[in-house]
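The structure appears below as structure tokens.
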Amino acid sequence: MRIFLYFLVYFLIPQICWTHQYLPIDRIPDWKLKNDGNIGPSYGQPEQIRISYGGDPSVSFVTWQTFDDTLQSIVEYGSDWKSLNQSVLGRCSVFLDRNKNSVWRYIHRANLTALVPGQTYYYHVGSEHGWSPIYFFTALKERENDGGGYIYAVYGDLGVENGRSLGTIQKMAQRGELDMVLHVGDFAYNMDESNGETGDEFLRQIEPISAYIPYMATVGNHEYFNNFTHFVNRFTMPNSDHNLFYSYDLGHAHFVVFSTEFYFNIQWGYHQMKNQFEWLKEDLKKANENRKNIPWIITMGHRPMYCSDFDGDDCTKYESIIRTGLPLTHGYGLEKLFYEYGVDIELWAHEHSYERLWPVYNRTVYNGTHLPYTNPPAPVHIITGSAGCRENTDVFVEHPPPWSAVRSTDYGFGIMRIYNSTHLNFKQINVAQGGTEDDDFWVVKTSEKHHRPFKHRDLKKLRTYGTHVPDKYCHHHSHCPMEKKKKRTRRHQHYF
């Protein structure tokens, strides 16, 4: 049976596959062929348990891994940990990442449906060949006693080594202080390393989070290996077979997750970029048609459009690719698309720092009023990529450009709370300084009519009270080409 599966995975299934290829239900594993009750799977213990949002509060996806075929993939659950009286049978797929010495990984997935929002469920996963510990989760429901809404941990760039924010997030998840994690790219550093063992260790480390609350994933540059195969195969996201771009509604917000990596990993073809862009347009169109019911639109992509880090990344360029699209043609640029469809908040990572921007569009910064985040005439960008990894934090340029409002180079993560249709709060927690807050601000829409595509009057407001940053803009004399030229001339005169 194992030889047949090897042939199936390597030859019959296309090399670049974005769907989960489930094993036949009537398969007979090698250990079963021996017809000996004393022999079972060699490695049947489940691990790396993670739940994710199923696109509706009544649905949760449960994913886990074994290193052998256990034949059955079972979740037993109930409202009392002593009586797990409900069960659901899932499916299993083989994951071989095409490393030289690929490890056989069996990825199990099961869907829990008809959950009652607000009810706590106890569960474990596995089969007769091994069961996980009993965990619990609460089916998603808006908070009632302390202001309403949902609370999200937001971060990117969390690695196996030096994961500074991990312990704080684990504790908050288990105490019920978080409803969901939004991981905005870059996992483990890297999931494919050491034949995938780094990915295994990472998923074990986040299990004290992901077994209790939904863990939602966005692809980043560190997932590039073999066309993001570890990311595609290890996670289970709603409304998608591949996890690379998808969307979902929760409470008052429509979340749009997409891949910035298509713009930089073009060896896999431009069609990925094109397909995603067309999907984004259609998804944002539908989201705006439903804006009366779900007003906030929030995007998540790994590499930001703007930043003030001292590293030469795309976001430091005048025409960043994510912002303006492909060089020369400006094809598939995202800033104009997001503006035309009225995206409220854009969440990013990649830079190992925290930076909050003033509302900005096309390098015009809305920073000339006392309340720039009340009915802002442009999207609000937040970069939070300092959860902790082996690459340490990034440094900023000494004198930031006008779009930069708040910056921090310490390790930490964000806490976003969407209270209702008008108020959203974001905090950045500094774990390097014992949990202090680097930032705490509100985005306010005074009425639902301000949740809409940005229009000409918004551009006028932006230009009237904002600052435009052209190509040769000089925000500090140390950045001015003429000033640098004068300094070089003075040095020349002094020495010669």
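Which one, (1) 24.1, 92; (2) 24.1, 79; (3) 33.0, 101, gives Rg and Dmax of the Cα atoms in Å as derived from the coordinates shown? Among (1) 24.1, 92; (2) 24.1, 79; (3) 33.0, 101, the one derived from this structure is (1). Surface exposure of the range 69-171, expressed per residue as accessible area with a 1.4 Å probe, stands at 43 Å². Any idea what angle helix 481-495 forms with the longest principal axis of the chain, computed on alpha-carbon atoms, 0 to 90 degrees, nearest 10? Between helix and principal axis, roughly 70 degrees. The heavy atoms of V232 present about 0 square angstrom of accessible area, all protein chains included, probe 1.4 Å. Heavy atoms of the protein only, probe of 1.4 Å, neighbouring chains included. What is the accessible area of D439 in Å², nearest 10? Looks like 10 Å² after rounding.
Here K461 is the anchor, and the lysines within straight C-alpha reach of less than 29 Å, apart from those fewer than 8 places off in the same chain, are K281, K285, K286, K292, K317, K336, K427, K445, K449, K472. With every protein chain in place and a 1.4 angstrom probe, the accessible-area ranking of L203, L371, largest first, reads L371, L203.
Listed by chain and number, the aspartates and glutamates whose C-alpha is less than 12 Å from the C-alpha of K141, apart from same-chain residues fewer than 8 away, are D56, D179. Ordering of 325-333, 101-109 by packing is 101-109, 325-333, highest average first (other Cβ atoms within 10 Å, averaged per residue). Annotation: the antiparallel percentage among DSSP beta bridges lying fully within the range 142-468 is about 60. The 1.4 Å probe gives accessible areas that order L280, L33, largest first, as L33, L280. Per-residue ellipticity at 222 nm from helix content only, as computed over the chain with -39500 (n - 2.57) for each DSSP H run of at least four residues, stands at -5500 deg cm²/dmol. Full extension of the chain segment joining V116 with E319 gains 68.3 nm, where the gain is 0.36 nm per residue of separation less the Cα-Cα distance.
Placing one equal scatterer on every Cα of the range 21-141 and applying the Debye formula, the log10 ratio I(q)/I(0) at q = 0.10, 0.14, 0.19, 0.20 Å⁻¹ is -0.33, -0.62, -1.02, -1.09. Rounded to the nearest 5, the antiparallel percentage of DSSP beta bridges internal to the range 282-426 is 65%. What distance in nm separates the two pseudo spin-label positions at L326 and H468, each 7 Å out from Cα along the beta-carbon direction? In this crude spin-label approximation the distance works out to 2.9 nm. Quick check: at a probe of 1.4 Å, how many percent of the accessible area of the chain sits on carbon and sulfur atoms? Ligands and nucleic acids excluded, carbon and sulfur reach 50 percent. 3J(HN,Hα) along the range 421-436: 6, 10, 10, 10, 10, 9, 10, 10, 8, 9, 6, 5, 10, x, x, 5 Hz, from the Karplus curve 6.51 cos²θ - 1.76 cosθ + 1.60 with θ = phi - 60°, whole Hz, x for Gly and Pro.
The values are calculated or read from the model by the stated rules, or taken from the named source; none is laboratory data. Bear in mind the structure is a predicted one, so any value in this text is a computation, not a measurement. Heads up, the Cβs are rebuilt from the backbone with ideal geometry, glycines too, and the neighbour counts pull from every protein chain shown. Just so you know, the surface numbers come from the protein's heavy atoms only, side chains and all, with ligands and any DNA or RNA stripped out. Shrake-Rupley method; radii C 1.70, N 1.55, O 1.52, S 1.80 Å.
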